[in-house]
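Visitor: Quick one: the structure is below, questions incoming.
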């Protein structure tokens, strides 16, 4: 869940900056490669359900973070990098999660099996596909619409997955994930998006309705095509 969340958040943020990134001596295909590493691991392995799978996830996500770091250093302005740093927080929690015997890891493993089973459900896959369509749409709308679209999509996904997890795994599992997410991303993404209600006119005006199919091979971005390949085979 953590790695998938981080990858999707990175894509959402970089989609907002896509115009500026493309104007520099860089290409978003470099970011596509970073995202592909994490997404194809998720496609093959899902959410880690035990100690061994957590170790495999840690190796893959370190590759993703290194790749993203190289891209943002080379392709983003200092201001854009500061914005990313504000949203993604420090690496300390990832280090704790990847350390055998740590409290963070032990807390996760208590709920890991239930979370992994939940991620295989049609309900969760439908939420992922809704988020996929939001990300696709961000590459097609005007720049000023990207931020509200990101927040509306993030909030809809966040609310839906928390509700599903509560029903399947209990409130303790939700609290555990929420605490980990806050340590990974800081409170800023949730804070800046808090006023966006997915059911409001503001959100329904910019966000594709739940159940909207992916554009598949007609996607305008390579990331959109990549996500269709991964999530289309879940």
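The values are calculated or read from the model by the stated rules, or taken from the named source; none is laboratory data. What you see is a predicted model; the values in this text were computed from it and never measured. Please note: Cβ atoms are built from the backbone with ideal geometry, for glycine as well, and neighbour counts cover all protein chains shown.
Visitor: Take the residues in region 27-65 that are assigned to a loop (DSSP other than H, G, I, E, B) and surrounded by 15 or more Cβ atoms within 10 Å (Cβ to Cβ); name whichever of them is modelled with the lowest pLDDT. Give the steps one after another, and end with the answer.
Guide: Our first condition is that a residue be assigned to a loop (DSSP other than H, G, I, E, B); within region 27-65, this holds for 27-28, 46-50.
When the remaining residues are screened for being surrounded by 15 or more Cβ atoms within 10 Å (Cβ to Cβ), the result is 28, 46-49.
Values: 28: 64, 46: 82, 47: 84, 48: 89, 49: 90.
The residue in question is 28.
The rows are residues; the columns are (1) surrounded by 14 or more Cβ atoms within 10 Å (Cβ to Cβ); (2) modelled with pLDDT of 90 or more; (3) in a helix (DSSP H, G or I).
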{"residue": "148", "(1), (2), (3)": "yes, yes, yes"}
{"residue": "163", "(1), (2), (3)": "no, yes, yes"}
{"residue": "184", "(1), (2), (3)": "yes, no, yes"}
{"residue": "191", "(1), (2), (3)": "no, no, yes"}
{"residue": "198", "(1), (2), (3)": "yes, yes, no"}
{"residue": "207", "(1), (2), (3)": "yes, yes, no"}
{"residue": "220", "(1), (2), (3)": "no, no, no"}
{"residue": "233", "(1), (2), (3)": "no, no, no"}
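This table checks each residue for (1) more than 17 Å from the chain's Cα centre (by Cα); (2) closer than 21 Å to residue 228 by Cα.
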| position | (1), (2) |
| --- | --- |
| 107 | yes, no |
| 119 | no, yes |
| 165 | no, no |
| 197 | yes, no |
